[in-house]
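Chemist: Here it is, the structure in full.
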Amino acid sequence: MNAAARMKDHIDATLRDPRWSQLRNRDRSADGSFWYSVRSTGVYCKPSCAARPARPENVAFHASREEAERAGFRPCARCHPERVRETLRYGIGSSPLGLLLVAASERGVCAILFGEHAKALEADLRQRFPQADLSRDDGALAGTLVQTAALIEHPHAPFDATLDLRGTPFQRKVWEALRAIPAGATASYKEVALRIGMPDASRAVALACGANALAMAVPCHRVIRGDGALSGYRWGVERKRALLAREARA
């Protein structure tokens with residue numbers, strides 16, 4: 001593929017991305033959910049930036065400020081994207097597989113984490129959302145905690161909480177493919193790569209599974225090795241085995 005064709009693909013993908021509309025509309029409600037960089041100026045901005053709209057061929061979207069800065073972009077001096085903060089509420093409760101932490105932003109549930117100790121869970125959440133203010137509110141999250149824990153024993157039960165999925169376009173594509181794997185079924189990393197139309201991306205699929213912050217709601221535990229063996233799971237292979245065993249019985 002030559003440079004002109006690659007640029008056309010990039011522009012088409014940018015224009016199809018729902019974040020483009022939020023950028024063009026300077027949607028303040030999207031601040032904190034993503035950032036975008038502008039190749040022609042070398043800066044990155046928040047969606048509500050009042051600067052002159054960038055051309056789609058110069059725009060790239062980023063899941064975090066750190067990602068934009070690692071790509072070599074500096075904060076915009078007009079909208080100061082480095083100052084954006086959000087508050088995440090979280091609750092911690094018990095489950096058949098240990099403690100469970102559920103965190104939510106204004107847009108929906110953004111983290112479901114397993115752990116053994118509350119402090120370790122809070123540290124994990126803080127590491128995943130370093131720019132957020134964290135507020136523990138077990139009462140406000142009680143219903144979501146109960147519904148989430150119920151998925152362990154009743155994997156076919158509906159989970160109707162809105163999800164706030166945060167990741168690169170590739171990661172989100174993988175996560176949507178994982179959500180299409182029904183309880184009781186599994187898929188290999190290679191099979192997931194084929195399903196998203198990228199047959200050579202098995203390793204990248206595995207990395208996207210590892211980056212998943214929404215245990216069970218985005219069921220990365222249903223992805224196994226090509227030989228049927230269980231491979232790494234962010235919250236422990238034994239939990240992965242237990243989840244799959246319960247789903248097989250359901």
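Where a number appears in this text, it was derived from the coordinates with a stated rule and is not lab data. Owing to the predicted nature of the structure, the values given are computational and were not obtained by experimental measurement. Cβ placement follows ideal geometry from the backbone for every residue including glycine, while neighbour counts extend to all protein chains displayed.
Chemist: Rounded, prolate or oblate: which fits the range 20-76, taking a ≥ b ≥ c as square roots of the Cα gyration tensor eigenvalues, rounded meaning a/c under 1.5, else prolate when a/b beats b/c?
Modeler: Here the range 20-76 falls in the oblate category.
Chemist: Please state the shape class of the range 71-189: rounded when a/c is under 1.5, otherwise prolate if a/b exceeds b/c and oblate if not, all from the C-alpha gyration tensor. Don't skip to the answer; put the middle values down first.
Modeler: On the way: a/c = 2.15, a/b = 1.35, b/c = 1.60.
Oblate, because a/c is 1.5 or more while a/b does not exceed b/c.
Chemist: Apply the Karplus curve 6.51 cos²θ - 1.76 cosθ + 1.60, θ = phi - 60°, to the phi angles in the range 146-161 and return the couplings in whole Hz, x for Gly and Pro.
Modeler: 4, 5, 5, 4, 5, 5, 5, 8, 10, x, 8, 5, x, 10, 9, 5
Chemist: With 10 angstrom as the radius, rank LYS173, LYS8 by how many other C-beta atoms surround their C-beta, starting from the fewest.
Modeler: Fewest-to-most Cβ neighbours within 10 Å comes out as LYS8, LYS173.
Chemist: Given H placed on each backbone N at 1.01 Å, which residues far from ASP164 in sequence or on other chains put an amide H within less than 5 Å of it?
Modeler: Excluding prolines and chain starts, which carry no amide H, the hits are VAL109, CYS110.
Chemist: Would the range 77-131 count as rounded, prolate or oblate if I go by the C-alpha gyration tensor, calling it rounded below 1.5 in a/c and otherwise prolate when a/b exceeds b/c, oblate otherwise?
Modeler: Numbers: a/c = 4.13, a/b = 2.35, b/c = 1.76.
It comes out prolate by the Cα gyration axes.
Chemist: Under 5 Å between amide hydrogens, which residues at least 5 positions from ASP137 or on another chain qualify, with H placed 1.01 Å from N in the peptide plane?
Modeler: Here the answer is TYR90, GLY91, since their amide H atoms fall under 5 Å of that of ASP137.
Chemist: If you don't mind, there's one more thing I want to ask. Between GLU176 and GLU116, take the C-beta separation as r, use R0 = 41 Å, and let me know the FRET efficiency to the nearest 0.05.
Modeler: 0.85
Chemist: Using a cut-off of 10 Å between beta-carbons, work out the net charge of the residues near TYR44 (Lys and Arg +1, Asp and Glu -1, TYR44 not included). List each step's numbers first, then the result.
Modeler: Details: positive: LYS46, ARG65, ARG74; negative: GLU67, GLU69, GLU82.
Taking every Cβ under 10 Å from that of TYR44, the sum is 0.
Chemist: Taking the alpha-carbon distance from LYS173 and a cut-off under 25 Å, which lysines remain once sequence neighbours fewer than 8 residues away in the same chain are dropped?
Modeler: Answer for LYS173, where 25 Å is the Cα cut-off: LYS8, LYS46, LYS190, LYS240, listed by chain and number.
Chemist: Mind pulling the angle between the C-alpha long axis of helix 202-211 and the longest principal axis of the chain? Nearest 10 degrees, somewhere in 0 to 90.
Modeler: It works out to around 80 degrees.
Chemist: Hey, of (i) 19.5; (ii) 17.6; (iii) 18.1, which did the structure itself give for Kirkwood radius over Cα pairs in Å when calculated?
Modeler: The value computed from this structure is option (i).
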